[in-house]
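Before any comments, here is the structure.
The values are calculated or read from the model by the stated rules, or taken from the named source; none is laboratory data. Quick caveat, the model's predicted, so the values are computed rather than measured. Glycine also receives a Cβ, built like all others from the backbone with ideal geometry; neighbour counts cover every protein chain displayed.
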């Protein structure tokens, strides 16, 4: 009789362990599914927005020397069209480009079904590594000041274009748009790669002097939180 009780105790223990392992397996499968949904939504949102931008601006990109990245950046590449070297004053040519580009860009963002996925639209100013001691003795800080002045000049120029929209959409645009001066931290080499982290680290001064409009989606934030959660 005693032996039977011992066997029943071992049997109950094994049953309990199997139930625990089952719950662990189910929880793991749910987590994997959630992770897949996060990644799928992130990729699909970016792909759809990218394809929409490429389609809408296919006739303008070459004319404006503008490239559209998979990261949802709209990059104006010709530095001589945008600003004089060392200056934050928009050239008449760049004002003309923005006057055409911005209304179309805003209409796409405001009216697209994916607008709820937009977290931020960054106007990024980028420079080369030429020092400007009149702005600051440290070249990186001097160019941070210059690039911030440039991105802010662009924002100030396009802000009146928000006013054609209803008040609630104007507030949305003000929530989205930010001006960001990035100095030469993301300067480019001749191949268009980030020079400071590339094997070909020589900065191409002309390619580096540029302005970009970059869409940050809610998926970027979700993905960042997902990575932090799964890599504590």
Can you list the helices (runs of 4 or more DSSP H) lying wholly within the stretch 146-232 that have 3 or more residues being modelled with pLDDT of 90 or more? 167-176
In the stretch 73-94, what count of residues is obtained for those that are within 17 Å of residue 155 (Cβ to Cβ), in contact with a helix residue (DSSP H, G or I) (Cβ under 8 Å, 6 or more places away or on another chain) and either touching a residue at least 24 places away in the same chain (Cβ under 8 Å) or crowded, with 17+ Cβ neighbours inside 10 Å (or both)? 8
From 131, 139, grab the single residue that is surrounded by fewer than 16 Cβ atoms within 10 Å (Cβ to Cβ) and either on the phi < 0 side of the Ramachandran plot or more than 18 Å from the chain's Cα centre (by Cα) (or both). 131
Restrict the check to the stretch 113-120 and report whether at least one residue is more than 21 Å from residue 218 (Cβ to Cβ) and more than 16 Å from the chain's Cα centre (by Cα). no
Verdict on residue 97 being modelled with pLDDT of 90 or more, under 18 Å from residue 206 (Cβ atoms) and touching a helix residue (DSSP H, G or I) at 6+ places or on another chain (Cβ under 6 Å): yes
Count of the stretch 39-64 residues which are surrounded by 13 or more Cβ atoms within 10 Å (Cβ to Cβ) and either in contact (Cβ under 8 Å) with a residue 12 or more places away in the chain or under 20 Å from residue 124 (Cα atoms) (or both): 15
Identify all residues within the stretch 103-140 that are assigned to a loop (DSSP other than H, G, I, E, B) and in contact (Cβ under 8 Å) with a residue 40 or more places away in the chain; write none if there are none. 112, 114, 127, 128, 129, 130, 132
Assuming residue 70 fulfils every condition listed in (1) under 24 Å from residue 193 (Cβ atoms); (2) assigned to a helix (DSSP H, G or I); (3) without any contact (Cβ under 8 Å) to a residue 60 or more places away in the chain; (4) under 19 Å from the mean Cα position of the chain (by Cα) apart from one, which condition is it? (2)
